[in-house]
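To start, the structure under review is shown below, and the notes come after it.
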Amino acid sequence: MTERLDDETGVTEEARGGAVPPRAELPPEVLPKEPATRPAPARRKRGRAQLAALFALLAAAGVFIGRHYLAKPEPGTQPVVASHAPPPPPVQAGMVRVGDFPVELVELGTVTPVYTMTVVSQIAGYLIDVEFKEGDYVKPGQELALVDPRPYEVQLEQYEAQLEQDQALLGQARMDLERYRTLNRQDSIARQTYEDQVYLVKQYEGKVKVEQANIDSARLNLIYCHITAPFEGRIGLRLVDPGNFVSPSSSTGIAVLTTMHPITVIFTLPEDDLPDVNAELKKHGALKVAAFDRADRRHLADGTLYAVDAEINTTTGMVNLRATFDNKDDALFPNQFVNAHLLVRTLHGVVIAPRAAILEGQQGYYTYVIGPDGKAEVRPVELGPQNRDEVVITKGLTGGEQVVTDGADRLRDGMTVRIIHPGAGDHAEAAPRPRGAAGQGASGKPGAPAAPSPAAH
């Protein structure tokens, strides 16, 4: 009998102690069924590894959910969250002081010479000589140009000859009048003859006066041939070259002459400022005026206000004023645009703050004051007169306090700040202005203080 291994029990037929009928004799439903294929050993190992990884992933997910969603802090305690506090923002600061403050009115003006003239020939003729150097200073009476005088010299000679002829006729008529006067007293001639001679003498006398006037006119024309400077000043560029025909009706002159010492500045002021200016002008007689360049950066000259226009321009509501300057160094030039700083008065013992420290919000003006603990505090202020760099504080600040002048757009009320000096390297890495900061407040209006962030507290 051949040993056969049972597929289900693994026991041989012989061990069972009995004979087993042949496999072909067993009914089909009793015969053991063998699998078509058996899993390979490598595939079994891979399946077990995938199952282990799935269990590990589920375990990690459970731990995460338990820590972050199921764990609750005890009452009265704050959850511990890892965070890194940002460093204090860098700012620049300025000091509030107590002192004197000049109240100035600054307006744009034009440098205007006291005298300006276009050198024009007073007679007609050919320009034969130009006797000035362009851009030079000339003195009164200095000859500038020469018009051909020869036609006027000839004309003078003609008038002088005519005068001699008329004077001779007048002398003869006067002698005849003396004879006729004697004969008239003797009734030797008719009275009409005597009277005719009297009027003849008067006619010749009139002719003599006419010729004398013609001579004076011709001599004056000869003087006009020599064109001279009527006042001291600077002569401009030559507008006409020698050889051209000039006349009083010429469209262009020979040159332009302007006074330089002194020189004036004409500027305008609003009519609302006129009462204060007039009051101070009457009190002091003259007010100081400083001229700055067009950019209002460089000081050019100092002068005085001496004239106010007689009326206000109804179209603009402005009034013209004129200030005079010695201009010894020629810092002011005709038709130059300048900024005129009119000193109206000086305030004494007032609180003065840097103008850059003042911000404007929905509730008005305010500034950030840096306390002894290094924290910035929002402080409402009221303003007085101001200039380009400083402003008078009528309420809200005291002398000796420190205010933020740059970097306020990154601040909140109560935030600790770090003061740096202008030009420091870390100031250049300042972050861009956040939305809702001081420059663009939470209310959406420029300068409004933004709501303090929780990190500041």
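The values are calculated or read from the model by the stated rules, or taken from the named source; none is laboratory data. Because the structure is predicted, anything quoted here is derived from the model rather than measured. Don't worry about glycine lacking a Cβ; one is built from the backbone with ideal geometry, like all the others, and counts go over all protein chains shown.
Quick look at the values:
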| quantity | calculated |
| --- | --- |
| Positions within region 113-137 being more than 39 Å from the chain's Cα centre (by Cα) and assigned to a strand (DSSP E or B), in sequence order | 125, 126, 127, 128, 129, 130 |
| Selection count where residues are surrounded by fewer than 19 Cβ atoms within 10 Å (Cβ to Cβ), more than 30 Å from residue 291 (Cα to Cα) and out of contact with any Phe, Trp or Tyr (no Cβ under 7 Å at 6 or more places or on another chain), scope region 112-129 | 4 |
| Test set (1) more than 19 Å from residue 242 (Cα to Cα); (2) outside any helix (DSSP H, G or I); (3) not small (Gly, Ala, Ser) - residue 166 fails condition number | (2) |
| Selection count where residues are in contact (Cβ under 8 Å) with a residue 24 or more places away in the chain and either within 26 Å of residue 214 (Cα to Cα) or hydrophobic (A, V, I, L, M, F, W, C) (or both), scope region 133-154 | 12 |
| Those strands (runs of 3 or more DSSP E) lying entirely in region 189-299 with at least 2 residues among the hydrophobic types (A, V, I, L, M, F, W, C) | 255-258, 263-270, 287-292 |
| Considering residues of region 95-111 that are surrounded by fewer than 17 Cβ atoms within 10 Å (Cβ to Cβ) and not acidic (Asp, Glu) only, the residue farthest from residue 354 (Cα to Cα) | 110 |
| Test for residue 142: is it under 30 Å from residue 397 (Cα atoms) and under 49 Å from the mean Cα position of the chain (by Cα) | no |
| Tally of residues being crowded, with 18+ Cβ neighbours inside 10 Å and either part of a strand (DSSP E or B) or assigned by TED's automatic domain parsing to the domain that holds residue 376 (or both) across region 323-342 | 7 |
| Residue satisfying condition, being more than 23 Å from the chain's Cα centre (by Cα), at pLDDT below 95 and not basic (Lys, Arg), within set 276, 296 | 276 |
| Evaluation of residue 329 against (1) without any contact (Cβ under 8 Å) to a residue 40 or more places away in the chain; (2) on the phi > 0 side of the Ramachandran plot (one fails), failing number | (2) |
| Residue in region 417-439 that is of a type in the set (Gly, Ala, Ser), at pLDDT below 50, part of a strand (DSSP E or B) and over 27 Å from the mean Cα position of the chain (by Cα) present | yes |
